[in-house]
Amino acid sequence: MKIRLAGELTKESIVDGEGIRTVIWTQGCRHNCPSCHNPSTHDFDGGFLRDVEDLCEEIKNISFQDGITLSGGDPLEQIDACLEIAKFCHSIDLNVWCYTGYTMEALLKRCEKEENLRELLENIDVLVDSPFILELKSYNVPFRGSSNQRIIDSKKSIKENKVCEVLKYKN
Ligand code: SF4
């Protein structure tokens, strides 16, 4: 399986989730948030294709990491590839964070019909949801760009079919 990426892995990030993280920059986003930091990641034909198995092998060989972060772009535009990566990372004891411009409410609704999306959200530990809103830009919300974005316990939200925020990060 292939995944379309916007760039190489970022290693040892401390700003894309808790702990030391390896960040995967997916290519392709349809949210068009004004003042997006990564406009070059929007084009669904941009970036480059990478073999998921190769990518997992590269991740496995990184020395210092607590987990991986799926970012972009919007990773949820490439559900099957991200699911394979998330499952692999859990198999080697790495936790998985994921950023998306979709709201959890919209994703829960889609899960009624999209089994692969449900499975991916069950394999994500922490989901940072919602588009970036310039008027709500804040430096006081850890790991987010604007105060409307939420840090969500993805598995629990799927299990309980409602948005379950991680309490310590709730605004
Ligand atoms: S969801 Fe993220 S990558 Fe997509 S437009 Fe919004 S800020 Fe940019």
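All of the numbers you see were taken from the coordinates with simple rules; none came from a lab. Values in this document were obtained by computation on a predicted structure and should not be read as measured data. Note that we place each Cβ from the backbone using ideal geometry, even for glycine, and neighbour counts take in every protein chain shown.
Below is a table of values for the structure above.
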{"read-out": "Among beta bridges that DSSP assigns inside the range 2-169, antiparallel share in %, nearest 5", "value": "50"}
{"read-out": "Around Arg21: net Lys/Arg minus Asp/Glu count, Cβ-Cβ under 9 Å", "value": "-3"}
{"read-out": "The range 72-82 - phi-based ³J(HN,Hα) in whole Hz, Karplus 6.51/-1.76/1.60, Gly and Pro as x", "value": "x, x, 10, x, 6, 7, 10, 4, 5, 5, 5"}
{"read-out": "Phi to ³J(HN,Hα) by Karplus 6.51 cos²θ - 1.76 cosθ + 1.60 over the range 32-45, Hz, x for Gly, Pro", "value": "6, 5, x, 6, 3, 6, 10, x, 5, 8, 7, 5, 6, 9"}
{"read-out": "Dipole magnitude of the chain about its Cα centre (Cβ charges: Lys, Arg +1; Asp, Glu -1), debye to nearest 20", "value": "600"}
{"read-out": "Linear extension gain, Ser147 paired with Lys11, 0.36 nm per residue minus alpha-carbon span", "value": "46.3 nm"}
{"read-out": "Across Lys11/Lys156; Lys109/Lys159; Lys11/Lys168; Lys60/Lys168; Lys137/Lys162; Lys113/Lys159, pairs whose alpha-carbon gap is larger than 18 Å", "value": "Lys11/Lys156; Lys11/Lys168; Lys60/Lys168; Lys137/Lys162"}
{"read-out": "Gained length - Arg110 relative to Lys2, 0.36 nm times residue gap less alpha-carbon distance", "value": "36.5 nm"}
{"read-out": "Note, ³J(HN,Hα) from phi for the range 150-167, Karplus 6.51, -1.76, 1.60, rounded to Hz, x at Gly and Pro", "value": "10, 9, 10, 7, 5, 4, 5, 4, 5, 4, 9, 6, 7, 6, 10, 6, 6, 4"}
{"read-out": "Lys2 long-range amide H proximity, modeled H, under 5 Å", "value": "Val52"}
{"read-out": "Given charges at Cβ of Lys, Arg, Asp, Glu: the chain dipole, positive-most of Ser71, Met104, Ile124", "value": "Met104"}
{"read-out": "By average C-beta atoms within 10 angstrom, highest first, the peptides 84-95, 130-141, 22-33, 66-77", "value": "66-77, 22-33, 84-95, 130-141"}
{"read-out": "Over the chain: helical MRE at 222 nm, DSSP H runs n ≥ 4 each giving -39500 (n - 2.57), nearest 500", "value": "-7500 deg cm²/dmol"}
{"read-out": "For Val128, distant residues with modelled amide H under 5 Å away", "value": "Cys98, Tyr99, Thr100, Ile152"}
{"read-out": "Two-decimal Rg to Rh for the range 2-169 - Kirkwood Rh, Cα set", "value": "0.93"}
{"read-out": "Sequence-distant residues sharing a close amide H with Thr26 (under 5 Å, placed H)", "value": "Ala6, Ser71, Gly72"}
